[in-house]
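All of the numbers you see were taken from the coordinates with simple rules; none came from a lab. This one's a predicted model, so the numbers in the text were calculated from it and none came from an experiment. Cβ sites come from the backbone with ideal geometry, for glycine too, and all protein chains shown count toward neighbours.
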């Protein structure tokens, strides 16, 4: 197969995959008797047509940045972490325990504690599959899937039996103290000129951006990052270079789990203000699509997270204003994963036809 | 627990184990051929929707079954295309197809029936009606064994018996036929199969299609046997439990039967918390029972109960040497 130039690899391949996913989604919309152009207009208007829409798009994007980075870090060690969903749910538990532990006076004090709680619980949930992969060779894809289900069951148990206030019937924790409420973009001086209405996007967005930069530094500017990438490219070569496979597997997965767990400061602490059942709402899985679409680079992850934030908010608007069910976004998400992750070779093969090296002039 | 209650629980064990067993055997064919399939869930869901829709429209469950198999086959074909022809990542393809199935089934059901993404409730010939096994009443009089035959084995829909029959058939196909020998070989060492002049691609497509058919039957049973119609996400992770059972069974048919019966038993117990309390004397949290199949699978994967070694060539596309 023809090797593609770098720009084609970075820009054209994801763009074409996205286009294919878009075309098929449009066909699906046509098949259920609706208008794709109308759908697109509703989505654009609802998600990016106003500051209010952006407030939601950015809120979703914040969560997806964390889970996308989580998948990215593991991917670089050639570990496919499908457990982001479970790790994010456990992270939510950690955030909730931290928020409920003290009557926090101010969010600046509560946020670091909640971040520590979320990261710690997320990492702990990734630790067992990581250990089993590194020491016993149990396939991490399968174990992390199993851990997603175990996490869901564990969360139900905690919410029903432990965290539920005695007077309440819903499987949810008590409300967090007022001092843990994170300022939304509407409440930040300066930004409130743009976001004139209350929106769910909150300061976590800036934590997410910081996380993007830190992941970039980690992967491309530190020795550990080099070890992770070397291990991911070739395990025997890394082993030969004196890199300890057990250590790299553990560390990569712990960071991955911590990032997934950190997502919960956005939805649990920033938005809901209490721990609800199924708090992650599938964001852990969207992380897979975001990482694949973003070519496993923090900048790409950021852009892909915004795209999926748009898709999520736009999909919700479709469910509200048109006859197209909200589940359309699950279809699009699946198609994006399919084209960017599994049918990658097909797209490349097709593009390769256009980038075939020209025969040198004169040589016969 | 008295004998009558035990029989009730075993009866629902068999019903709940059936979709797991069918999906587990489905995964067995694909994975034995070297194609990992975590898309069992999505194929079952697609089949359940097709069956629910066609059975509701025609009132004929057998047409529903055919539609279910067809729906599942479409997803199997895409998985085959992505993982065999285009040598894509088989795990990612499976994950992607699960999402597509989860969304598109609701979209289709909603646009067909406008009932909030469900299909209308099935009645009469739209469902798999119970079959009385011969002499159920006569044998039922025999003490101990009789009631077991009458209450547990007899009186299920046809697909329960199809699933049970699929176990020996799979065993025979796998270990006693030329196709089975080649299937097992292609999952372990595709190069040797290729050298013998047998097409790796064709064998793998065949296996993936068998997976599609069995998942289709599993989904049809979900929509028209276990329940009466399709509902959003109605498979509820059964595809993953089947995958867990497959690992638990170490990719062998008879063990698959035992594993799925065990997991079906857990599901049946989770429906009867009162019985558990009476038997063990304290409350076992229901989430604990729900999580048990997954926990057991992790323990098996960790190699504490003998190692579970997957087919050697699983997950890798075969590239012919040039």
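Figures for the structure shown
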{"item": "Over chain A: helical MRE at 222 nm, DSSP H runs n ≥ 4 each giving -39500 (n - 2.57), nearest 500", "result": "-21000 deg cm²/dmol"}
{"item": "Residue A:127 paired with residue B:63, simple spin-label distance in nm, labels 7 Å along Cα-to-beta-carbon", "result": "5.9 nm"}
{"item": "Exposure proxy ranking, count of Cβ atoms within 10 Å, fewest first, for B:177, A:67, B:85, A:72", "result": "B:177, B:85, A:72, A:67"}
{"item": "Global geometry of segment A:42-147, whether rounded, prolate or oblate, following the gyration tensor of its Cα atoms and the 1.5 cut on a/c", "result": "oblate"}
{"item": "Chain B: relative contact order in percent, alpha carbon pairs under 8 Å with at least 6 residues between", "result": "35 percent"}
{"item": "Nearest-ten-degree value, helix B:178-188 long axis tilted from longest Cα axis of chain B", "result": "70 degrees"}
{"item": "On Cα atoms only, tilt of B:200-221 relative to the major axis of chain B in degrees", "result": "20 degrees"}
{"item": "Sorted peptide list for B:45-51, A:208-214, criterion being average Cβ within 10 angstrom, highest first", "result": "B:45-51, A:208-214"}
{"item": "Efficiency of FRET between residue A:170 and residue A:198 - r from beta-carbon atoms, R0 25 angstrom, step 0.05", "result": "0.60"}
{"item": "Estimated FRET transfer efficiency (residue A:10, residue A:281; beta-carbon r; R0 30 Å; 0.05)", "result": "0.50"}
{"item": "Gyration tensor verdict on chain A (Cα atoms; rounded if a/c is under 1.5, prolate if a/b is larger than b/c, oblate otherwise)", "result": "oblate"}
{"item": "Label-point separation in nm, residue B:169 to residue B:149, each point 7 Å along Cα→Cβ", "result": "2.5 nm"}
{"item": "Averaged over A:339-350, number of beta-carbon atoms from partner chains that fall within 10 Å", "result": "5"}
{"item": "Relative packing of B:287-293, A:88-94, B:162-168, which averages over residues the other C-beta atoms within 10 Å, highest first", "result": "A:88-94, B:287-293, B:162-168"}
{"item": "Computed [θ] at 222 nm, deg cm²/dmol, chain B (DSSP H ≥ 4; -39,500 (n - 2.57); rounded to nearest 500)", "result": "-21500 deg cm²/dmol"}
{"item": "Segment B:57-157, relative contact order in percent, only Cα pairs under 8 angstrom and at least six apart counted", "result": "23 percent"}
{"item": "Nearest-0.05 FRET efficiency for residue B:191 and residue A:239, computed from C-beta distance (R0 30 Å)", "result": "0.75"}
{"item": "Exposure proxy order (Cβ contacts within 10 Å, fewest to most) of B:205, A:59, B:221, A:226", "result": "A:226, B:205, A:59, B:221"}
{"item": "Relative packing of peptides A:259-266, B:248-255, B:4-11 - highest average C-beta neighbours within 10 Å first", "result": "A:259-266, B:248-255, B:4-11"}
{"item": "Of A:118, A:83, A:242, the one that fluctuates the most in a GNM where chain A has Cα springs shorter than 10 Å", "result": "A:242"}
{"item": "For residues of A:323-332, the mean tally of beta carbons on other chains within 10 Å", "result": "6"}
{"item": "Label-point gap, in nm, between residue A:23 and residue A:109 - each point 7 angstrom along Cα→Cβ", "result": "5.9 nm"}
{"item": "Part-to-part distance (alpha-carbon centres) for segment B:41-55 and segment A:79-139, which is given in Å", "result": "36 Å"}
{"item": "Gain on full stretching of the segment that runs from residue A:78 to residue A:51 - 0.36 nm per residue minus C-alpha separation", "result": "5.8 nm"}
{"item": "Rounded tilt (10° steps) of B:286-301 against the dominant C-alpha axis of chain B", "result": "30 degrees"}
{"item": "GNM top mover of B:111, B:72, B:12 - chain B, alpha-carbon springs below 10 Å", "result": "B:111"}
{"item": "Mean Cα-pair separation over length for segment A:40-347, i.e. relative contact order, pairs under 8 Å, 6 or more apart, %", "result": "36 percent"}
{"item": "Rounded Å value of the spacing that divides the Cα centres of segment B:238-265 and segment A:243-301", "result": "30 Å"}
